[in-house]
Amino acid sequence: MTTTPPRIVDLHEIEPNRRRGGDLRAMLTPTTVGATSGFMGVAIVQPGERIGEHYHPYSEEFVHVVCGALEVDLDGVAYPLAPDQGLMIPRNMRHRFRNVGRVEARMVFHLGPLAPRPELGHVDTEETEAAGAGGPASAVEARA
């Protein structure tokens, strides 16, 4: 029997998270929908923007490119990502995303399983100027 009722979450209900570059919106999470196995969201990356390098010690990350031209660095090696392509990033693999095209890029991401505590789920390995924040992201952030 289901104990948590289904909930539809609109992208515009979620505040943009720009601390690591790009516009990250964690939409389906333990907080928003009561998820227990992982979380899902959308990354919106403008031309020339990047999402800073990081890794997840407890989670695999699954990515699906919806639109735009992205490049992903996986442990320092660059790979192109195009619309309708998917990628699975293993635990502890350093990764960063760059929009190398001329139009906005969007990708859907899912991470699972959840870390024991949110602040352990994401480790930044480089400082990133957050758009509009005027300062670098911290070494370890509480949110993914």
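Among the residues of region 44-88, the ones that are within 11 Å of the chain's Cα centre (by Cα) and hydrophobic (A, V, I, L, M, F, W, C) come to 5 in all. Could you tell me whether R102 is farther than 21 Å from G121 by Cβ and out of contact with any Asp or Glu (no Cβ under 6 Å at 6 or more places or on another chain)? Against the criterion (farther than 21 Å from G121 by Cβ and out of contact with any Asp or Glu (no Cβ under 6 Å at 6 or more places or on another chain)), R102 qualifies.
When region 90-107 is filtered for residues that are open to solvent by less than 60 Å² (accessible area, probe 1.4 Å) and among the basic types (K, R), the ones remaining, listed by number, are R96, R98. Return yes when P30 is in contact (Cβ under 8 Å) with a residue 12 or more places away in the chain, open to solvent by 50 Å² or more (accessible area, probe 1.4 Å) and either over 24 Å from E126 (Cβ atoms) or touching a helix residue (DSSP H, G or I) at 6+ places or on another chain (Cβ under 6 Å) (or both) and no when it is not. So P30 passes the test. Given the criteria farther than 14 Å from N99 by Cα, hydroxyl-bearing (S, T, Y) and open to solvent by 40 Å² or more (accessible area, probe 1.4 Å), does Y79 qualify? No.
P47 satisfies every condition listed in (1) surrounded by fewer than 16 Cβ atoms within 10 Å (Cβ to Cβ); (2) on the phi > 0 side of the Ramachandran plot except (2). Looking for something touching a residue at least 60 places away in the same chain (Cβ under 8 Å), part of a loop (DSSP other than H, G, I, E, B) and under 18 Å from V108 (Cβ atoms) - is there at least one such residue anywhere in region 37-47? So far as region 37-47 goes, yes, one or more of its residues are touching a residue at least 60 places away in the same chain (Cβ under 8 Å), part of a loop (DSSP other than H, G, I, E, B) and under 18 Å from V108 (Cβ atoms).
The set of residues from region 2-19 being in a loop (DSSP other than H, G, I, E, B), out of contact with any Ser or Thr (no Cβ under 8 Å at 6 or more places or on another chain) and surrounded by 10 or more Cβ atoms within 10 Å (Cβ to Cβ) comprises P16, R18. Among what's in region 77-98 and is of a type in the set (G, A, S) and part of a strand (DSSP E or B), pick the residue that is farthest from V123 (Cα to Cα). Result: G86.
Scanning region 57-76 for residues that are surrounded by fewer than 17 Cβ atoms within 10 Å (Cβ to Cβ), in contact (Cβ under 8 Å) with a residue 40 or more places away in the chain and assigned to a strand (DSSP E or B) yields E60, F62, H64, V66.
The values are calculated or read from the model by the stated rules, or taken from the named source; none is laboratory data. Being a predicted model, the structure only gives us computed values, none of them experimental. Don't worry about glycine lacking a Cβ; one is built from the backbone with ideal geometry, like all the others, and counts go over all protein chains shown. Just the protein is used for accessible areas: all its heavy atoms, side chains included, with ligands, DNA and RNA removed. Shrake-Rupley method; radii C 1.70, N 1.55, O 1.52, S 1.80 Å.
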